[in-house]
1. N82 versus (1) farther than 22 Å from A166 by Cα; (2) at pLDDT below 90: which is the lone unmet condition?
2. If you scan segment 174-195, which residues turn out to be outside any strand (DSSP E or B) and touching a helix residue (DSSP H, G or I) at 6+ places or on another chain (Cβ under 9 Å)?
3. Filter segment 90-115 down to the residues that are charged (D, E, K, R) and closer than 21 Å to R199 by Cα, then identify the one that is modelled with the lowest pLDDT.
Amino acid sequence: MQIGLLGVPAMAEVEIDFAMDCHMARSNNETFVCSDEDLLRRDTEMSELSDKLYAVLDATAKAEMEREFAEWLATRDDCEDNYFCNAQMYSDRIAMLNEELDHMDAPAGDAGGSAIGSDGFGMIANAGIPGYNRESFPGLTIEICKAICVQREWCKSIDFDRAKGACYVQPVAEEDVGTLRTDYPGNPYDHYFYAPRLRN
């Protein structure tokens with residue numbers, strides 16, 4: 001989940017408002033959302049969850065969340081006054097935010113000998129799974145890569161390129177392929193698996 005304040009100095013605290021400001025509605029679709037009681041209720045729920053998640057992120061992850069939110073707003077505007085399209089956009093985002101917050105609150109566990117973080121992910125350094133990338137994203141933090149994985153019901157693991165900030169989202173984990181590859185030249189990748197979706 002992210003949004004574009006990467007150039008803002010650390011001293012300058014910039015707060016983002018995730019809630020719809022109907023006095024500042026710019027597009028036809030924003031005006032439409034403001035005219036619908038149910039969509040406004042969904043917007044309020046979404047903004048409250050966004051505020052909760054934003055509050056616990058570090059500066060880099062906050063900037064990424066801001067960028068991603070701006071992209072979501074642009075996609076929501078493509079709904080063009082369609083109630084069902086807007087409602088689905090809000091439902092999907094609310095579900096993603098709830099899941100992300102739930103995993104941050106979840107107790108740490110253990111799977112495959114690797115410690116599981118409070119976000120539900122475990123990490124194996126200098127390893128990866130070749131040949132199973134379903135989606136790839138350049139220039140992200142691992143926190144945002146994890147949020148992308150959580151949002152996709154099929155995602156079981158991520159290979160993260162530390163130098164490039166690139167994440168490769170995969171529908172398989174070590175349990176599916178038998179073994180991880182650990183001989184990549186220069187060992188650029190760390191492998192993250194999403195424990196709640198593993199069988200073991």
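The values are calculated or read from the model by the stated rules, or taken from the named source; none is laboratory data. All values derive from a computational prediction rather than experimental measurement. Ideal geometry is used to build each Cβ from the backbone, glycine not excepted, and the neighbour counts take in all protein chains shown.
1. Status for N82: all satisfied but (2).
2. If the condition is that a residue be outside any strand (DSSP E or B) and touching a helix residue (DSSP H, G or I) at 6+ places or on another chain (Cβ under 9 Å), then L180 is the only one that fits.
3. Kept after step one, since they are charged (D, E, K, R), are these residues of segment 90-115: 92-93, 99-100, 102, 105, 110.
Then drop every residue that is not closer than 21 Å to R199 by Cα, which leaves 99-100, 102, 110.
Numbers: E99: 77, E100: 76, D102: 71, D110: 39.
Filtering segment 90-115 for residues that are charged (D, E, K, R) and closer than 21 Å to R199 by Cα, the one modelled with the lowest pLDDT comes out as D110.
One line per residue, one yes/no per condition, for (1) surrounded by fewer than 22 Cβ atoms within 10 Å (Cβ to Cβ); (2) over 20 Å from E71 (Cβ atoms); (3) modelled with pLDDT of 90 or more; (4) assigned by TED's automatic domain parsing to the domain that holds L53:
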site: G117; (1), (2), (3), (4): yes, yes, no, no
site: M123; (1), (2), (3), (4): yes, yes, yes, no
site: G131; (1), (2), (3), (4): yes, yes, yes, no
site: Q151; (1), (2), (3), (4): yes, no, yes, no
site: W154; (1), (2), (3), (4): yes, yes, yes, no
site: A166; (1), (2), (3), (4): yes, no, yes, no
site: R181; (1), (2), (3), (4): yes, yes, yes, no
